[in-house]
Amino acid sequence: MTPLLLCQNSSGGLRSSGGRAPSDPAFFAPGGAHPRKTPYVIPMRYAPYETLITPARAQPELWRIAVGVAVALAVYVLLLMSYGLSIDRISGDPDTFVEMIDGSTPADTMGFLLTFVFMIAGTLTAAILLHGRGLLSLLGPLPYMLRDGIRAIGALIMLYGVVTVLPPYMMDDLTPNLELSAWLILLPISLILVLIQVSAEEIFFRGYLQSQLAARFSSPVIWIVLPSVMFGALHYSPADYGSAAWLVALWATAFGIFAADLTARTGTLGPAIALHFVNNVSALLFMSLDGPLSGLALYTLQVNVDDPHVIMPLLWIDAMMMVVSWIAVRLALRV
């Protein structure tokens, strides 16, 4: 695949040498917004990211980003609360929604994953109201997003397949969770729900927040690291992981940095969604830690997740797998 090179010309517009995406910035914005001339050029390795930064430059003010985050969060929480109250009212049990969030049964896990639709709704509300941006401006050009995402998933499936058949094997540490027949019946809807969950997080953190910060700041240290730290903070859960919660948050921050890098290198969310999707399918549908969101897993791993000495080796394995996955996607896409 020929890499895209999108650079600023003397008039402040864009010129394309790779044909990855339309050069007309109005293509991405529902209101036909035009970008403001910017005083900086992003690093060449991230030149394709102009396809997402360009529509964000139309309204890049920091106050808009702050209000946008608040609006996205408010819409998400309000819809989540309405959903929870509806679930409780229908069931007649005021604790139904709280139990569902725990995700210890297939129905609970599916119900919780479905709530990420509300995160997408909140992000789109903020993007439209505060920045005049539509869905394509958060995803990138759809044909290229799908192409890069499918290629990335293909590379990751091959990688995970190879790793699975290599020693050491952990079958002695695994406990069957769902019957294979039930797991296979639920698998199609489970895959769709995991895709919704990872897409929601990528649309907000990489599609919206990262690109808006990139429209305001030239340094990738700001627009890659800051959303990734926020992504990591979202995964900080002492109630689930005890004193090991900070390790999980640190791992999630590192994951966010890799996903952000792939987004900037390709100019679409396709590879980041693929990386997130394959990781979460492995962790939620195949081999899950026993506890929250284990309801759809084929096997569960019985470990004391709130002990740093126990979870640290697992996180190191996941970290190495994350690095290898990032490299595999880059090689598959030649970015």
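If you go through the range 309-324 one residue at a time, do you hit one that is under 20 Å from the mean Cα position of the chain (by Cα) and β-branched (V, I, T)? For the range 309-324, residues under 20 Å from the mean Cα position of the chain (by Cα) and β-branched (V, I, T): present. Filtering L186, L136 for residues that are over 24 Å from I65 (Cα atoms) and either in a helix (DSSP H, G or I) or at pLDDT 95 or above (or both) leaves a single hit, L186.
Here is the figure for the range 163-174: residues that are modelled with pLDDT of 70 or more and surrounded by 10 or more Cβ atoms within 10 Å (Cβ to Cβ) total 4. Exactly one residue out of A297, A264, A244 is touching a strand residue (DSSP E or B) at 6+ places or on another chain (Cβ under 7 Å) and either among the aliphatic types (A, V, I, L, M) or assigned to a helix (DSSP H, G or I) (or both), and it is A297. Considering (1) out of contact with any Ser or Thr (no Cβ under 8 Å at 6 or more places or on another chain); (2) in a helix (DSSP H, G or I); (3) in contact (Cβ under 8 Å) with a residue 60 or more places away in the chain; (4) closer than 23 Å to L247 by Cβ, the lone condition that L284 does not fulfil carries the number (1).
Between F286, F277, the distinction of being closer than 30 Å to I185 by Cα and modelled with pLDDT under 95 belongs to F286 only. Taking the numbered list (1) in a helix (DSSP H, G or I); (2) within 24 Å of the chain's Cα centre (by Cα) in turn, P60 passes all entries but (1).
Note on the range 290-327: residues that are surrounded by fewer than 19 Cβ atoms within 10 Å (Cβ to Cβ) and small (G, A, S) amount to 2.
From the list I273, I327, the one residue that fits, being out of contact with any strand residue (DSSP E or B) (no Cβ under 9 Å at 6 or more places or on another chain) and more than 30 Å from L180 (Cβ to Cβ), is I327.
Check the range 240-251 and report whether any residue there is among the polar types (S, T, N, Q), buried (at least 18 other Cβ atoms within 10 Å of the Cβ) and either in contact (Cβ under 8 Å) with a residue 40 or more places away in the chain or touching a Phe, Trp or Tyr at 6+ places or on another chain (Cβ under 8 Å) (or both). Within the range 240-251 (the criterion being among the polar types (S, T, N, Q), buried (at least 18 other Cβ atoms within 10 Å of the Cβ) and either in contact (Cβ under 8 Å) with a residue 40 or more places away in the chain or touching a Phe, Trp or Tyr at 6+ places or on another chain (Cβ under 8 Å) (or both)), the answer is no, since none of the residues qualifies. For the range 216-232, filtering for residues that are over 14 Å from the mean Cα position of the chain (by Cα), surrounded by fewer than 24 Cβ atoms within 10 Å (Cβ to Cβ) and part of a helix (DSSP H, G or I) leaves 6.
Checking each residue in the range 77-125 for being free of Cβ contacts under 8 Å to residues at least 60 places away in the same chain and of a type in the set (D, E, K, R) picks out D88, R89, D93, D95, E99.
Within the range 278-297, can one find any residue that is among the charged types (D, E, K, R), out of contact with any Leu (no Cβ under 7 Å at 6 or more places or on another chain) and over 23 Å from L159 (Cα atoms)? Among the residues of the range 278-297, not one is among the charged types (D, E, K, R), out of contact with any Leu (no Cβ under 7 Å at 6 or more places or on another chain) and over 23 Å from L159 (Cα atoms), which makes the answer no.
The values are calculated or read from the model by the stated rules, or taken from the named source; none is laboratory data. Keep in mind it's a predicted model, so treat the numbers as computed, not measured. When we count neighbours, we look across all protein chains shown, and the Cβ atoms used for this are built from the backbone with ideal geometry, even at glycine.
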